[in-house]
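A short worksheet on the structure shown next.
The values are calculated or read from the model by the stated rules, or taken from the named source; none is laboratory data. Quick caveat, the model's predicted, so the values are computed rather than measured. Cβ coordinates were reconstructed from backbone atoms using ideal geometry, including for glycine residues, and neighbour counts include every protein chain displayed.
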Amino acid sequence: MGADDGARLVDRELECLEALTELRGKGLGTVLGREIFAIAPEMGIEKIVAHMTPDQEQAIALVKRSGFRQEAVLRGFVIDRSGRKNDLVVMTCDVVALVK
């Protein structure tokens, strides 16, 4: 992959993020979560892990409603675009327990 390919890939990822931002609050996360849980057992997935920063309160609330629980907080683990360090919240959901 050349430099131009990498730049195009970054541009495309940013376009996708912008599109997702426009869909925020419209239930997309809930729909995607349901689909993940629907196919996880048939794919042999037993546990799903979610990572987010503590300021992502809506995302944390969404995964908690879906059965996730907080496993760890990694202090200063993520560096944002402005160079500030942020914590990373690690949450997991036991898919096998949900299916039973």
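Could you please find all residues in segment 42-55 being of a type outside the set (G, A, S) and farther than 19 Å from M91 by Cα? Reasoning before the result, please.
Of the residues in segment 42-55, the ones of a type outside the set (G, A, S) are 42-43, 45-49, 51-55.
The answer is E42, M43.
Can you confirm whether segment 51-60 contains a residue that is surrounded by 15 or more Cβ atoms within 10 Å (Cβ to Cβ) and either modelled with pLDDT of 95 or more or assigned to a strand (DSSP E or B) (or both)? The answer is yes, given that some residue of segment 51-60 is surrounded by 15 or more Cβ atoms within 10 Å (Cβ to Cβ) and either modelled with pLDDT of 95 or more or assigned to a strand (DSSP E or B) (or both). Within segment 80-100, being modelled with pLDDT under 90 and either outside any loop (DSSP other than H, G, I, E, B) or touching a Pro at 6+ places or on another chain (Cβ under 6 Å) (or both) holds for V95, V96, A97, L98, V99. Taking the conditions (1) of a type in the set (A, V, I, L, M); (2) touching a Cys at 6+ places or on another chain (Cβ under 8 Å); (3) not in a helix (DSSP H, G or I) in turn, V63 satisfies each one other than (3). Of the numbered conditions (1) part of a strand (DSSP E or B); (2) within 12 Å of the chain's Cα centre (by Cα); (3) exposed (fewer than 15 other Cβ atoms within 10 Å of the Cβ), I48 fails exactly one; give the number of that condition. All conditions pass for I48, except number (3).
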